[in-house]
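Bear in mind these aren't lab numbers, they're just calculated from the coordinates by the rules spelled out. On a predicted model such as this, the values are computed, not experimentally measured, just so you know. Methodologically, a virtual Cβ is constructed for each residue, glycine included, from the backbone with ideal geometry; neighbour enumeration extends over all protein chains shown.
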Amino acid sequence: MKKRLGIISLFVIIFIAFIITWNYSYLEGLEEADIPTYDTPTGNFIPAEGGVFKRFNNAGHDFSNMPIDENHQRSLDSYYDNRAYHGAPPSIPHPVAKDRSLGGNTCLQCHQNGGFVEKFNAYAPVTPHPELINCRQCHVAIKTNNTFREFAFTKVQAPEVGVGANNAMPGSPPMIPHQLQMRENCITCHSGPSAPKEIRVSHPERINCRQCHIPISNEKQQMDASTFLRQFNNSYEE
Amino acid sequence: MPIKSYLALSISGRKEELMTALRNLHQCEVVPAKNQDVLALVTDTPNEKEDDILKEKIEALDSLKLLSLVSGFDTPHN
Amino acid sequence: MNKSATNRRSFIKKMAMMSAMTAASSMFPGILFANEQEKGIPEDANLDWKKGPCRFCGVGCGILVGTENGKAVAVKGDPNSSVNKGLLCVKGYHQIMCIQSKDRLTHALVKKNGSYVRTPINDALDLVASKMKETITNHGKDSVAMYTSGQSTIPEGYIASKLMKGAIGTNNLDCNARLCMASAVTGFLTSFGADEPMGCYEDIDHADYFVTWGNNMAEMHPVLFSRMLEQKALRGAKIIDFATRTTRSSTASDRSILFEPQTDLAVANAICYEIIKNGWVNRSFVEKHCSFSKGLTDMGYGLEDHYEFTDKPQKIDFEAYKEFLKDYSPELVAKYSKVSVRDIKYLASIYGDPNIKVVSYWCMGMNQHTRGTWINNLVYNIHLLTGKISQPGNGPFSLTGQPSACGTAREVGTFTHKLPHGVVTNQEDREMAARIWKVPVENIPSKPTYHATEMFRAVDRGDIKFIWVQATNPLVSLPKTSRYRPGMEKESCFVVVSDVFPTPTSDVADVILPASWHIEKGGLYGNSERRTQYWDKMVEGPGETTPDAWMFIEVAKRMGYGDLFPYSKENHVEEIFNEYRQFHEGAKHGMAPLEVLKKESGVIWPYVNGKSTQWRFNAKYDPACSNGEDFHFYGKPDGKAVIWQRPFEEAPEKPDQEYPFWLNTGRVIEHWHTGSMTRRIPVLHQAMPNAYVEFHPDDAKTLGIRNGENIKITSRRGSCNLPASINERGLPTKGQIFVPFFDENMLINDVTLDAFCPISKEPDYKKCAVKVEKA
């Protein structure tokens, strides 16, 4: 009995010693551990406006050195032809590969980085939002040119382009005449061989587009500018 | 309301002069070629009569070597 | 109906044009028509282009202003300026639009029975002079004060200093640069003994890494950021963004590292710890060119009136410094800075690698800091330990926020303790000023008086009876305006405001003087890279608008100091600059003569023997180096730069139960400072019509706040209502909110804390505790 107690207590002591030693070395380890990870205080959010820089690091996309192919360039007219109104998601003007797929890789093969497509004799337009992979949620194919009933939808006038149309002063950088939601990544539509020729930017390598080009009007609620014209309570105005 | 487009060839080296002269006519839109003495010209006039007058005016410009009509449109009167 | 007809016509015209072009291409193979985007460019043949500097931030871009029939109608970047090489930002391109604003101050206004009466400018200046004189007679010299600006031109700052310090004989002169650059100045002076960066913007073309410390350059210094992005694309240079908020700069950088407010002090020390631990110290550089010092700690935060502090530096040795750094191992610092050990080691390895060229950039994040001088010192420590300083592509670079914060505030010295050369406490400097100003040396008092915050406290207390505010808007830009606005409104102080537009500051003025905008007068500005830029008057100002320097001179004459100000109205800019240049003669600060400045798009000083010195303290580039070594930090008597032992200390006010959020304030790309100019530019106002409060999405979710909802922010000092902005322009860290301060209709500075760095006296706008609730 004594012998057995002795053995048990010996094991208990060894066990306790083990726990203490282990604990100690664990704590030591914590002190000097190489990488205690802390959550980045911001989590995984990226500010919505960050989109402007998003595509510049993409492999295979050298924005400072984009080819221009005059024979296969798009025009703004054909760009708008493919949309119900300016700002609407464009339809798919070509047969789709897999009718059952969401889009995703199938569409992105051509529309992530663009490139010339023999079959359609055109450059694939680059999407400004490749992170959204359920393409066909918004983009649908055109299977007929008829309408179900007679149709009287007037397209909203698209913003004018060209020098002078959106500038505040002669020679000043044009402002952005369209909404930016889903289209924050400027260079996808404004540079490269698939960009409509009227809106192709001459300096895509500048990267920080919104340093000079800002929206013509804020999408949020507008304040009356007269707020800033101070009123003097007096004989100032003669 | 006729709209007509022409190619205008200037006497060599006098493209700028021709362009300014055409722009001053107001009813003209001009796009110059970069590497030739050629201008693409579109005229927009309210009626046939004025169109004729304008054409005469243009042909009287002495920096102009040759004017050739490319296409013409006329919108219906209503 | 009409509209669609026109559309149809324009469509047909387009078609007609197309067919003409097609025909041409078949007739003349290879013909090219003007780019479609260039069609209809207004021919700017009639415009007259004149060079000058941009009116906004401290980058100091060169601009060309196009004038037509005596009106400024267009702006473009100056391709000859090595600063911006023809590029500007949206503010710069549209700057001249503000001068056409309908509420422009065109005539002097004098307050009579509570309303402003239009007054001829000469009568208004008579009144100002007589008030100033009367106040001095009744209450003494130190009862009058002048508060100027980093937007004042060099001649304006010089005349203000000469009038206050030389003629009247009071040091009651300070400027708004105290709110933005003072910590940079004291940082330079304590570490190097000579103010302003040693490098220049050309560093961007050489550096491999850019580390930005609490600095959103994509919005605040966009032209420089674009130069960095260009190098990134061309050479693969890397941008590391070290900040408390995710911004456009973070999204464009190669790595974004976020830290807990105030812990930049600890992280900087941890980087030095790693550099020493890994043997990355440039031993020969440190032995030859550096000494070690420590100063006082637990300095306080200047929250109480009459607070005073003088540092007592004490020499230490390398071993003592190494011992001090033991508290700053990455493992210990990571715990409270929330920067991972890996990121700290990563930063240290960039600075430590001898084959990598690094430039550190910072602006208000480090300067508006209750330990602003310290954090400036600490970043210099990193560059000094590794010897990465004063070489092309290697060096610390303190950016400025105002067009002439360097040229006027720092070089001319419109601070209470400064003279155009040196400080008022130095006998020799006072003698030099007295000699050039032709005043008795006893006229210049030897003791500094009020720095900006204390100056407005003195107005509130009633100690200052007359204040002249020029080209700045303190009642929007001071911290804790909830105290200083009622202070300025008191009857005890006569307030004169000279400005271009009415502002909340001019609202409390007794006399409002109409100032010329920068292109309506000639002048000189000095930018962040020590570049002095001259411009001529380009257009006439409206009404009775007058250059600020000339208003000072007129008042000086009326006060009986005419002999000291013998300048002519037509040529005063040149006459004043030539007089001022005498202060800086020599290889250390020599300024280019006017003939050169008129010709060039800005010239960097020291300008020695017809050549600019781009990298100071480096014998290869700087003729002022005289010790025979590669480097010579000649600002210090022993020729050595100082590595400072500066600990981490907590912020004066931290979030707690009652006020659980950090409040950070700053700017946006569209607006500059208090927005008195940029908000009057329709393009900018339409893009950013009002201020907002940014939340982290998780905080917004917890509080149930939706985008655009009206939020009330309250601190122990005041409150402010703003719409919420979630995940838009920027993204503060959890537990932090951010508000831009440009909006005079939503005064966030009613909420901020007027604690300041005890050494530089610069307030901290980036940290205080607030609570938020739906309004």
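Normalising the average separation of contacting C-alpha pairs (under 8 angstrom, six or more residues apart) by the number of residues puts the relative contact order of chain C at 20 percent.
Using Cα pairs under 8 angstrom and six or more residues apart, how large is the relative contact order of the stretch C:375-456, in percent? About 17 percent, as a whole number. Consider a paramagnetic label point 7 Å from the Cα of A:Phe151 along Cα→Cβ; state which residues of the stretch A:77-98 have an amide N under 20 Å from it. Once the point is set 7 Å along Cα→Cβ of A:Phe151, A:77-96 turn out to lie under 20 Å by backbone N, inside the stretch A:77-98. The relative contact order of the stretch C:580-730 comes to 10 percent, based on Cα pairs under 8 Å that sit 6 or more residues apart. Under conditions of 10 °C and 1.306 mPa s, the protein assembly as shown yields 49 µm² s⁻¹ as its translational diffusion coefficient, taking Rh as the Kirkwood radius over Cα pairs in the Stokes-Einstein equation. Electrostatic tally near C:Ser143: other residues with Cβ closer than 13 Å to its Cβ, Lys and Arg +1, Asp and Glu -1, net +2.
Look at where the Cα atoms of the stretch A:189-207 and of the stretch C:179-256 average out, and the two centres are 28 Å apart.
Please give the calculated 222 nm ellipticity per residue for chain C, where each DSSP H segment of at least 4 residues contributes -39500 (n - 2.57) and the sum is spread over every residue; nearest 500 deg cm²/dmol?
On the way: 24 runs with 231 residues, N = 775.
That calculation yields -8500 deg cm²/dmol at 222 nm.
Over chain C, with a single point scatterer placed on each C-alpha, what log10 of the ratio I(q)/I(0) does the Debye formula yield at q = 0.10, 0.11 1/Å? One equal scatterer on each Cα of chain C leads to -1.03, -1.24.
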